[in-house]
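This report concerns only the one structure given below.
The values are calculated or read from the model by the stated rules, or taken from the named source; none is laboratory data. This structure is a prediction, so every number in the text was calculated from the model and none was measured. Neighbour counts run over all protein chains shown; Cβ positions are idealised from the backbone, glycine included. What goes into the accessible areas is simple: the full protein's heavy atoms, side chains included, and nothing from ligands, DNA or RNA. Shrake-Rupley method; radii C 1.70, N 1.55, O 1.52, S 1.80 Å.
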Amino acid sequence: MTSPNFSGDRAHRVVVIGGGPAAHRFAESVHSRRAHGDSPDVTVTVVGEETHLPYDRVALSRRLVSSEDLTLGDRELWSSPGITYRGGVAASRVDLEACSVELADGSILSYDDLVFATGSAATVPPIPGASSGYVYRTIEDVDFLVAEAARLATSLGRPADVVVVGGGLLGLEAAGGLQRLGARSTIVHSGRWLMSAQLDEGAGQALGRLIEAQGVTLALGNRPTQVLTGPSGRVLGVELTDGRAISADLVVFSIGITPRDELARAAGLDIGARGGIAIGDDCSSSHPGVWAIGEVASVGGVCVGLVAPANAMAEVVADRIHGGAASFPGIDDATKLKLSGVEVASFGDALGASDGALEVVYADPARGMYQKIVVSNDAKTLLGGIFVGDAAPNTALRPLLGRELPGEPSAYLSAAGVEAPASAELPDDVQLCSCNNVSVGAVREAIRGEHAEACTELGPLKACTRAGTQCGSCVPLVKKILETELSKAGIEVSKALCEHVDLSRSELFEAVRILQLTSYEHIMEHFGRGLGCDVCKPVMASILATQTSKYILDSGSGALQDTNDRALANMQKDGTYSVVPRIPGGEITPAKLKVIAEVAEQFNLYTKLTGGLRIDMFGARLEQLPDIWKILVDAGFESGQAYGKSLRTVKSCVGSTWCRFGVQDAVAMAIELELRYRGLRSPHKFKLGVSGCARECAEARSKDIGIIATEQGWNLYVGGNGGYQPAHALLLAQDLDDKTLIAYIDRYLMYYIRTADRLQRTARWQEELPGGLDHVRDVVCNDSLGLADELEAAMAEHVGNYEDEWAATLNDPERLRRFRSFVNAPRTADPNVVQVTERDQPRPARPDERAAAAERVLVSGPSIPVRKGQ
Amino acid sequence: MTTWIPVCRLDDLEVLWGEAVLVDGEQFALFRLPGDRVHAVSNEDPATGSQVLARGIVGSRGDRVTIASPLHKQVYDLETGECYSTPEYSLPVVGVRVVDGVVEIARTSRSGAGTGVAA
């Protein structure tokens, strides 16, 4: 490949000014060309004034409610050869003649190609006092607002009053997010309805209802005339054009963006009519070898603050620099509001401005519902749409923009209660993911494996095509195409557990439930063959345990149990066990701590705190377990089920009892939940966390179920986990009272237990369930399947039938008999267990230490290391 | 030269529930299958050297009877000792028989070799 831009043997240097999403996409695009080895040697240096690596600005609203890492893509990109990120330093001057960029630290970068990706700044209105306001634009802005709202609430002893100026996408996200953090928000917006640039009046009214329902106050048709401050400079309020004043402790401006074109102006590049670097279809500026992408680029006189066009421009420039001829396809200004509980989406000619356009509308302002489909004059071609309150049809319709609709337009108005027509096969050239410009055809090719290994699962398919990896709105469609293609290819996705059972775990669960089977033998008789194996037997044991709540080692179930369940303890590498008593919510008396200390000392056990607020004792031999548990049970402890695919712990902070920030009693709630769900067998282990305020000290959002206190009650998050594929829990419902909270958790857990695959954690489960989290919310909060009573009854049965497995074991000589080291020497210690002392505690000997020990035994009899015996 | 050493009664063994047995400092794992068949193998996990095989899960693969190690779940053929999941490993199989309700395992002067099954 050759290009007029290339100068010879040395690397071709590209400097990018600005470190936002557009710069990230550009660097990624160059990197993937390098990785494929089919490109000349192009190096990229990105100069960013923020210290962060490029992050996902679209997701800032998530940062507002949780301190999520928003870094875009794989951090490795920035340590790959030829790709450099220089963060925390601004470019101060561009010399177009010398082809160089001067940085604020005085260094000079020479370039062969220069890309402006400087983005834009939040606009601050020229009114008195404006300098006392803040903006919502960067991670620092968001983190500051979160901290400031909390600080104000503490120092004022009441929720902070926040005025957000601007009722567009970002303004709504800022106001909604701050409201969720406990502040009282008011939105001041110049239009007569919210999002007036994207929505028509009907949609704006419906949206207004939804926003007001979140407790946000609206002041529409108004602008601020000044920010009122006290003598100390403290913000007191905002005065509006209609003359009234609203009191406020914090003012946030979100009235639009101003392109950061100051360097380009100074360098002499052509500037668009309303600011921004004027570019052509090829994204080139008025000077050869200088390009502009993203929000700073002015296309036809307009700068756009959306990620999809920014990505498209980055790809165009990457292609051009490599000698290609790509051109910018134009702006897709589809938008989607990312504010939980409020669904808003629009695309195409949403306002129906095209000649002869027809609008098919369903409006129910009382419910906050508005749906509109804009079609051509013959009612056939889809031109655009708006969805408020229920955006379900948006995903299926958006790819059909500019095409003939497969059905009557009115059939897509789901809010009216009609069933949408079965979606016809989408043509290959339809754009599926507009953020990353991925076509339906490209996804199909990846599934069929036309250019590389076939992607037959959702995760790899997303990674390989990049579809659905940015805003995520097309994921349901990607999944649907995957399923369709696989079944077309005759690839039966086998859900069979193993060679012995043809059913999936969830199918088996339902079958066992409906037939009311109560033993392994009965299940095998109906659904199995052979002797079973280490895959299907523990699944059956778990299903039986959930449905019958019986002692897990009885009625032939003992031989089904996985390693740890067999001994009601966790087997360690040397065949000894660890013992973990339950310490609900992490609350423990000194007397009970003493018992643990005595047990550990008596049996010479290694002790360590676990990550879930309890104490783990290692090195107990099989035949010692009953003796150890006798002491623990007598002292009032019970099994912590640390060995089971079941509830582990409910982690909590200290809550409002002691903490000066706590707003609810997190410890009491954690204990109640731990006692409720203890012993509940499930497809995988699960954990809960309860935080007493929004500071989230219990790290509840890293748990399968996270509960975070609010002034009004509890927010419920679901589907988080640590492990090797970490996930943050997502908001399911907010401001719940205790009773509703527990009902929702009952339903969620039982629904998970019934329908998840073997070893599938909640995060994957809710992601892969058709309809995803929205579906889960429908089932749990809206009882869309009419299952709520049944799920709650199933949980009530579990709670009613719970018995401590260790107490039950100790009460029964038959059960105790199984805890013998040898059938012919029941109390003899395993002579193979060898320990050494490290940091004053025992640990298993390493192979070299064992060998050394064996030699010494031969020469001089036992010394250190010692064999563990009576 | 094979000596048969009595180790326990058949009634001491639960069906499909493995038990360890200690013979002259050596450990073996016994498994009773439906139909009163008994299998014996070394109790030492070939992957880790720990004495744990008796605590694994008995199962089948096709018409072969298997034991899965409780530590890392390698699956071994109870009659041949062959490892299905990691072919480098193999599990020593020990001769076993039931005489008048008493389970006996075979010990030769060298390490135990035998049919690995008793009926």
ask   = What number of residues in the range A:190-208 are touching a helix residue (DSSP H, G or I) at 6+ places or on another chain (Cβ under 7 Å), open to solvent by less than 40 Å² (accessible area, probe 1.4 Å) and not in a loop (DSSP other than H, G, I, E, B)?
value = 1
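Which one of B:Pro70, B:Pro87 is without any contact (Cβ under 8 Å) to a residue 12 or more places away in the chain and either closer than 26 Å to A:Tyr643 by Cβ or more than 10 Å from chain A (Cβ to nearest Cβ) (or both)?
B:Pro87
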inquiry  = Would you confirm whether or not the range A:323-337 contains a residue that is open to solvent by 30 Å² or more (accessible area, probe 1.4 Å) and out of contact with any helix residue (DSSP H, G or I) (no Cβ under 9 Å at 6 or more places or on another chain)?
reply    = yes
request  = For the range A:369-380, indicate whether the set of residues that are aliphatic (A, V, I, L, M), in contact (Cβ under 8 Å) with a residue 60 or more places away in the chain and closer than 28 Å to A:Val478 by Cβ is non-empty.
outcome  = yes
query = What do you reckon, is B:Val58 of a type in the set (A, V, I, L, M, F, W, C), touching a strand residue (DSSP E or B) at 6+ places or on another chain (Cβ under 9 Å), open to solvent by 20 Å² or more (accessible area, probe 1.4 Å) and facing chain A (nearest Cβ under 9 Å)?
reply = no
request  = Quick one: B:Cys8 ticks every box in (1) facing chain A (nearest Cβ under 9 Å); (2) out of contact with any strand residue (DSSP E or B) (no Cβ under 6 Å at 6 or more places or on another chain); (3) not polar (S, T, N, Q) except a single one, so which number is it?
outcome  = (2)
task = Give me a count of the residues in the range B:35-55 that are within 10 Å of another protein chain (Cβ to nearest Cβ), touching a Lys or Arg at 6+ places or on another chain (Cβ under 9 Å) and in contact (Cβ under 8 Å) with a residue 24 or more places away in the chain.
result = 2
ask   = Give me the pairs: first residue in the range A:69-84 and over 21 Å from A:Val15 (Cβ atoms), second residue small (Gly, Ala, Ser) and open to solvent by less than 60 Å² (accessible area, probe 1.4 Å), beta-carbon distance under 7 Å, and six or more apart or on different chains, which are they?
value = A:Leu70/A:Ala59
task = Mind listing whichever residues of the range A:214-250 are of a type in the set (Val, Ile, Thr) and either open to solvent by 70 Å² or more (accessible area, probe 1.4 Å) or in contact with a helix residue (DSSP H, G or I) (Cβ under 7 Å, 6 or more places away or on another chain) (or both)?
result = A:Val216, A:Thr217, A:Val227, A:Thr229, A:Val235, A:Thr241
query = Inside the range A:229-306, counting only strands (runs of 3 or more DSSP E) that do not spill past its ends, which hold 2 or more residues that are in contact with a Leu (Cβ under 9 Å, 6 or more places away or on another chain)?
reply = A:235-240, A:245-247, A:250-253, A:290-292
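Quick one: which of A:Gly402, A:Gly384 is assigned to a loop (DSSP other than H, G, I, E, B) and at pLDDT 80 or above?
Values: A:Gly384 fails: assigned to a loop (DSSP other than H, G, I, E, B).
That would be A:Gly402, the only listed residue that is assigned to a loop (DSSP other than H, G, I, E, B) and at pLDDT 80 or above.
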task = Name the single residue, out of those in the range A:97-115 being in contact with a strand residue (DSSP E or B) (Cβ under 7 Å, 6 or more places away or on another chain) and open to solvent by 20 Å² or more (accessible area, probe 1.4 Å), that is nearest to A:Thr84 (Cα to Cα).
result = A:Leu109
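Answer yes or no as to whether A:Pro460 is touching a residue at least 24 places away in the same chain (Cβ under 8 Å), closer than 30 Å to A:Leu397 by Cα and open to solvent by 60 Å² or more (accessible area, probe 1.4 Å).
Taking the combined requirement at face value, the residue does not satisfy it.
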remark   = For A:Asp113, the lone unmet condition from (1) touching a helix residue (DSSP H, G or I) at 6+ places or on another chain (Cβ under 6 Å); (2) closer than 26 Å to A:Asn222 by Cα is (2)
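Each row is one residue, and each column tells you yes or no for (1) over 18 Å from the mean Cα position of the chain (by Cα); (2) buried (at least 18 other Cβ atoms within 10 Å of the Cβ); (3) part of a loop (DSSP other than H, G, I, E, B).
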site: A:Cys697; (1), (2), (3): yes, yes, yes
site: A:Glu711; (1), (2), (3): yes, no, yes
site: A:Leu731; (1), (2), (3): no, yes, no
site: A:Tyr744; (1), (2), (3): yes, yes, no
site: A:Arg747; (1), (2), (3): yes, yes, no
site: A:Ile753; (1), (2), (3): yes, yes, no
site: A:Asp757; (1), (2), (3): yes, no, yes
site: A:Asp774; (1), (2), (3): no, no, no
site: A:Ala796; (1), (2), (3): yes, no, no
message = Restricting to the range A:497-524, count the residues that are more than 13 Å from chain B (Cβ to nearest Cβ) and part of a helix (DSSP H, G or I).
response = 13
inquiry  = Looking at the range A:822-842, can you tell me whether even one residue there is open to solvent by 50 Å² or more (accessible area, probe 1.4 Å), part of a helix (DSSP H, G or I), over 19 Å from A:Arg621 (Cβ atoms) and out of contact with any strand residue (DSSP E or B) (no Cβ under 8 Å at 6 or more places or on another chain)?
reply    = no
request  = Scan the range A:140-158 and give yes if some residue there is more than 26 Å from the chain's Cα centre (by Cα), open to solvent by less than 40 Å² (accessible area, probe 1.4 Å) and closer than 30 Å to A:Gly384 by Cβ, otherwise no.
outcome  = no
